[in-house]
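Notes to accompany the following structure.
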Amino acid sequence: MRARDLAVEYETVGLDSDALDAARLMAERRLPALLVVDGHGVPKAILPASQMIKLLVPGYVIEDPTLAAIIDERHADRLCDALAGLKVRDCLSKSAPPPVVAAPDDTALEIAAQMAQVRSPLVAVVERDVPDRAEQTGTSGSRLLGVITASHLLERLLAATAR
């Protein structure tokens, strides 16, 4: 199995997309993460759902989780208000590694190794040096072919084992 065969269409958001809209997209589609792209569609970051959740929880509750029990439901139901006015770029962890990017010919094991190394829930499959794209965008000519999620990769690997 090669990356190009495993890649599927996947939701992306821009760095300047609305954070609340990104959270809604994650929730509605039950996505483990979103692929964040620049204005040319080149992968720039991965925004895990867990990072969005972390932004919703007040810092004092993260430091002392027992305080969560004293916050009433009325206030807890409004946690997503913390995302109002934020952009996706504001939600990205400052220490997050760059997104994992696979080449179209990478094998399933190469993809799995990359995912495991940085504990990424997804890998972007990018074709590099696409001449027409370079001329159109003035960039390096990379083209996003799709994404491989950890659960999809696991499903495909398990299917191959069952044969």
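What the table shows:
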| read-out | value |
| --- | --- |
| Sole residue being touching an Asp or Glu at 6+ places or on another chain (Cβ under 7 Å), surrounded by 19 or more Cβ atoms within 10 Å (Cβ to Cβ) and within 26 Å of Pro104 (Cβ to Cβ), chosen from Leu15, Leu34, Leu6, Leu47 | Leu34 |
| Residues (free of Cβ contacts under 8 Å to residues at least 12 places away in the same chain and part of a loop (DSSP other than H, G, I, E, B)) located in region 23-43 | Arg30 |
| Helices (runs of 4 or more DSSP H) fully within region 44-121 counting 2 or more residues that are over 18 Å from Ser17 (Cβ atoms) | 49-56, 59-63, 73-76, 108-118 |
| Tabulated pairs, region 100-116, first without any contact (Cβ under 8 Å) to a residue 12 or more places away in the chain and over 16 Å from His152 (Cβ atoms), second buried (at least 20 other Cβ atoms within 10 Å of the Cβ) and of a type in the set (Ser, Thr, Tyr), C-beta under 9 angstrom, 6+ apart or interchain | none |
| Qualifying residue in region 33-42 (condition: touching a Phe, Trp or Tyr at 6+ places or on another chain (Cβ under 9 Å) and either at pLDDT 90 or above or among the charged types (D, E, K, R) (or both)) | yes |
| Residues satisfying the stated conditions in region 119-147, i.e. modelled with pLDDT of 90 or more and either touching an Asp or Glu at 6+ places or on another chain (Cβ under 6 Å) or under 13 Å from Pro43 (Cα atoms) (or both) | Leu122, Val123, Ala124, Val125, Val126, Glu127, Arg143, Leu144, Leu145, Gly146, Val147 |
| Residue in region 58-108 that is surrounded by the most Cβ atoms within 10 Å (Cβ to Cβ), counting only those that are of a type in the set (S, T, N, Q) and modelled with pLDDT under 90 | Ser93 |
| Test for Ala22: is it of a type outside the set (Ser, Thr, Tyr) and buried (at least 19 other Cβ atoms within 10 Å of the Cβ) | yes |
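The values are calculated or read from the model by the stated rules, or taken from the named source; none is laboratory data. None of these values were measured; they are calculated from a predicted model. Glycine gets a Cβ as well: all are built from the backbone with ideal geometry, and neighbour counts include every protein chain shown.
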